[in-house]
Amino acid sequence: MRRRAAAVLAAVLALAAAPSPASAAPLETGPWTSYSPTFDLQQRGCGTASGLTFRLTCSTASGDQRAERRYATYSSGVRQFEGYFRITSMPGSRISLKQTFGPSGPFFMLAVERGGRLYAVHGGTTLATGATVGTEVRVNTVHNTGNGAHRTYINGSNRHSQTGGGGGYYDKFGAYRTESGAGPVDVTWSGIQFWRK
Amino acid sequence: MIRRTLLVVVLVLAGCSAGRGGPAITLTATLTTPVDIDLRWEGAEPGTAAQIAEFATDPRGPWTILEFLPPDRRTYRHPDLMPRTAFSYRIRPVLGPATPPVPIRLTAPSFDVAAPADLSWAAPRSLPGTTGNGVPGGAPTGLLAEPRTRDAILLTWTDTSSDEEGFLVEILPQGAAAWSVVMVVDPDITSVGVQALDTERTADIRVRAHHYGTPSGTATRTTGG
């Protein structure tokens, strides 16, 4: 009996001490299948990457300044991306952090400007205002290649919806100077996951 | 023996879930519409300087900050949520002392520096001799706000705390009713640049050595849609 009680206590202690999962379950109705697409690292201009930390070290307001991961192209099914970014330093402004690329260019570009405003580069729509330097922001994008619907969730809230396009797509994230932007910026991503159904 | 063991189990559970004395904050979450969740809470930890509302889609985390809130707030709406998804919430008090406010005035024409400018000075850093001799709960001292460009100031201070979880940079624009958090930097940082918005060109600014208090219990609701 003493052994059983000890086992109960051990189980309780183990439950209480269980570490947080490395990442959360995917959002929206599944069933989702996790997968791990390959990627290429793009470093141009003053862009550098170390693991999941991406930096633009210059304030140059022209030219190709980027440090990004470009993931493998997909062309079928419904795809979900999840990641958390934390800007640790951003003296610059108007930096693209996450993109869904279409066959003829960027289909959706999420960017941040001075003060923590997140916006869609095409159209300039404000998505959220809480990208405070030093705090994590959660990004989910859900893309249905069948009907072209693309939804962007910032911290769980649907902040942007669009449709259109066709053909091959791919995800990119990191730090990229938009046409009107400039660094420096230092951003670290974490909890990157991909699902499909 | 069984009774004694169960008592231990109960005490362990209470200790793990509530901390010493239990959470001071009682949180409820209501699914107000199929995709909107309203949080309401009661209670506060003594000395609360700010609060954070956090969410997760797994009650074990990871937790993500939704917003820094003033200490007297008791409600928060999480809107337009992903459908058919479980959302968990908690409220965490932010504690710790701040420097006295320092005025910032980004109005002088001499600071109208042409872009692009070298902004490398603005990266967070620990300046030599400004940290390492702290005591628990020590307030930052010697805050200086030095305009560097038309839009940016350099903040420097001395770290006198040995137990901070980081520093909050808080701003009070002229005419604003409450301070807001504009930046969170890591422990031991004592220098960082702040890019001011148009509404922040005349403002007060301060730096807080912060740590988090006991979180509320977790409230979970599943969206419809």
Practice task
Determine Rg/Rh for chain B; Rg is computed over alpha-carbon atoms and Rh is the Kirkwood hydrodynamic estimate from the same atoms.
Solution key: 1.06
Exercise for the section: Only Cα pairs under 8 Å and at least 6 apart count here; give the relative contact order of chain A as a rounded whole percent. Expected result: 31 percent
Handout entry: Amide H contacts of residue A:127 (H built 1.01 Å from N, under 5 Å, at least 5 apart or other chain)
Key = A:118, A:119, A:120
Problem - Long-range amide H partners of residue A:159 with built H, under 5 Å - result: A:152, A:153, A:154
Handout entry: Whole-Å distance, taken between Cα centres, linking the stretch B:191-221 and the stretch A:70-148
Key = 24 Å
Handout entry: Computed Kirkwood radius, in angstrom, where 1/r is averaged over Cα pairs of the stretch A:38-106
Key = 13.8 Å
Handout entry: Virtual paramagnetic centre 7 Å along Cα→Cβ of residue B:105, amide N under 20 Å, in the stretch B:120-155
Key = B:143-155
Fill in the blank from the handout: Taking only the Cα positions of the stretch A:113-189, the convex hull volume per residue in Å³ is 110 Å³
Exercise for the section: Per residue of the stretch B:189-205, in order, report the coupling 6.51 cos²θ - 1.76 cosθ + 1.60 (Karplus, θ = phi - 60°) as ³J(HN,Hα) in whole Hz, putting x for Gly and Pro. Expected result: 6, 9, 7, 7, x, 10, 8, 8, 7, 4, 7, 10, 6, 10, 7, 10, 9
Completion exercise
Averaged over the residues of B:58-70, the number of partner chain Cβ atoms within 10 Å of each residue's own Cβ comes to 5
Practice task
Against the globular-protein guess of 2.2 N^0.38 Å, express the Cα radius of gyration of the stretch A:43-197 as a ratio, rounded to two decimals.
Solution key: 0.96
Completion exercise
Whole-Hz Karplus couplings 3J(HN,Hα) for the stretch B:177-184, θ = phi - 60° and coefficients 6.51, -1.76, 1.60, Gly and Pro as x, run 8, 8, 5, 9, 8, 10, 6, 10
Problem - For the protein assembly as shown, the spread of Cα positions along each principal axis, largest first, Å - result: 77, 58, 38
Exercise for the section: Starting from the Cα of residue A:104, move 7 Å in the Cα-to-Cβ direction to define the label point; list residues of the stretch A:144-183 whose amide nitrogen is under 15 Å from there. Expected result: A:163-169
Exercise for the section: Working from Cα positions, state the angle (0 to 90°, nearest 10) between the long axis of helix B:2-18 and the longest principal axis of chain B. Expected result: 30 degrees
Fill in the blank from the handout: Averaged over residues of B:168-174, the number of beta carbons from other chains lying within 10 Å of each residue's Cβ is 1
Problem - Cα long-axis angle, helix A:2-17 against chain A (0 to 90 degrees, to the nearest 10) - result: 10 degrees
Handout entry: Sequence-separation-based contact order of the stretch B:78-179, relative, with Cα cut under 8 Å and 6+ spacing, percent
Key = 26 percent
Fill in the blank from the handout: Projecting the Cα atoms of B:157, B:192, B:219 onto the charge dipole of the protein assembly as shown, where Lys and Arg contribute +1 and Asp and Glu -1 at Cβ, the residue farthest towards the positive end is B:219
Fill in the blank from the handout: The ³J(HN,Hα) series, computed from each phi in the stretch A:118-131 with the Karplus coefficients 6.51, -1.76 and 1.60 at θ = phi - 60°, rounded to the nearest Hz and given as x for glycine or proline, is 9, 9, 8, 4, 7, x, x, 4, 6, 9, 6, 10, x, 7
Exercise for the section: Report, in debye and to the nearest 20, how large the dipole of the stretch B:48-101 comes out about its Cα centre when Lys and Arg carry +1 and Asp and Glu carry -1 on their Cβ. Expected result: 140 debye
Fill in the blank from the handout: Residues whose modelled amide H sits under 5 Å from the amide H of residue B:150, counting only those 5 or more places away in sequence or on another chain, are B:113
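Read the figures in this text as sums done on the coordinates, not as results from a lab. Remember, predicted model here, so these are calculated numbers, not experimental data. Neighbour counts are summed over all protein chains in view; Cβ atoms, including those assigned to glycine, are modelled from backbone coordinates with ideal geometry.
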